[in-house]
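What follows is a short report on a single structure.
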Amino acid sequence: MIILLFAVMFLTNSAKSWGQDIVNLKHIVQRGETIESLADKYRLTTDILKTVNLGMDTFYTGLEVFIPVDKKYLCLRSEDDSEIILEDIAGYFSEYQEASRIFNSGNYKKADKLFESTIRNHGKYLPCEEAYFGKAMCDYNRNKWSSAIDGFTQVISIKECPEELKEQSRGLMANAEEQREARSQRTANFLSGLFQAAAEVGTAYMAASQANAGQAGYGYPSMPQGKSLGSMSNAEFTNYVNTSLVQLANYSVMQVEQQWKQEEIQVKTGFASSYRQLNGREPSAEEVQAAYDNYMQTKVNAYKTVQQASSGMYDRELGISDNSSTDSKKKTASGFVCSVCRDSHVCQTCNGSGWQSGMGDIHDHYGAGINKIPCGNCSNGRSEGDGVCHFCK
């Protein structure tokens, strides 16, 4: 329907009525020209040429004839430049017709370039409203709604543009605006779903990482002889968990890096594919990177949420609470304020040394001696602890 509409517009402009807005420009017939070719060159009919040139019984090379053209084509030029103006007009019509032919074949991308070239070649003196309309139609048919809207706006702003073409542009522009709004909503829904999935993936990934830690290839630190998780003291349990997490982190870092690289490729590829379907064009590198950055930010936020929740549960398991200092000073059933150090304020994990057993580690990583690592209770995990019980500190 759009192609037929475009063709009707072309024919309507070709068959416009001639009146007070017409000026007759002189033309000297060149070798090989006929009255038919001359009429076709300027989008006229032979009857119009004969009407304007009364008494033209013969047609020959060197004959001076008048070519009726719309005054809008003069634009800052006088009738003294008739041959230059006519040459400009003929070139514009010829290029415009070729672009229209390509448009009607359905090759909108190529037609877009031809319309743009036509405007560039003749836009200095000619209004080129048909070419602007054609270019806007190319964008319209390629679902490039924003560009189409800009194009139709340009057509409407042209003073010399026929009112019928302006009205046609307004209708198409309104539809393009609706389509753009609908696409924006689809994009928003898509990204919302993507980021929601990212958050879910992040949460699942944390759980899977913890669950998969016991698979073949990773060895948990040996349990102290005669001990089980249920029979461990708080200090022993803290020591065991801390050591396990350190070893798990060392074991998993390469696997995580590989997985994230694969995940980056999948996210970017998936975004580019969806973007092409929604927008009808390839996304720029900046758009792809921005989508991945948003995905990663959402994932980081999900990780933080999981981490905070996990930290809260772990604190509750160890008897740590956010209660006021007054409540925390209350004695337990054992008769001590701190049931871990029994109010000695000495870290029970390292006995105040700041270091704990590496549970079989034969290396001296921290300068404290073989099989020594920072205390999991009173240190930051990277250097010697302060030896103070952090359960009552």
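Using 0.36 nm per residue and subtracting the Cα-Cα separation, the extra length available between Ser284 and Glu160 on full extension is 40.9 nm.
Using only Cα atoms, locate the centre of the stretch 77-100 and the centre of the stretch 150-172, then give the distance between them in Å, rounded to an integer. Measuring centre to centre over Cα atoms gives 22 Å.
With the simple spin-label model, which puts each label point 7 Å out from Cα in the Cβ direction, the Thr153 to Lys110 separation comes to 3.1 nm.
Our estimate of slack between Asp40 and Ile22, defined as 0.36 nm per intervening residue step minus the Cα-Cα distance, is 4.7 nm. Under 5 Å between amide hydrogens, built in the peptide plane, is the criterion, and for Leu25 it picks out Ile67, Val69 among residues at least 5 positions away or on other chains. If R0 equals 35 Å, the separation of the Cβ atoms of Arg276 and Ile84 corresponds to a calculated FRET efficiency of about 0.15. At full extension, Val337 and Ile265 could sit 20.5 nm farther apart than now, given 0.36 nm per residue minus the alpha carbon distance. Surface composition of the stretch 57-179: carbon and sulfur make up 47 percent of the accessible area, probe 1.4 Å. Accessible surface for the stretch 69-129, divided over its residues, is 50 Å² per residue with a 1.4 Å probe.
The values are calculated or read from the model by the stated rules, or taken from the named source; none is laboratory data. What you are looking at is a predicted structure, and each value in this text was computed from that prediction instead of being measured. With ideal geometry, Cβ positions are generated from the backbone for all residues, glycine too; neighbour counts draw on all protein chains shown. For the accessible areas, the whole protein counts, side chains as well, though only heavy atoms, and no ligand, DNA or RNA atoms are used. Shrake-Rupley method; radii C 1.70, N 1.55, O 1.52, S 1.80 Å.
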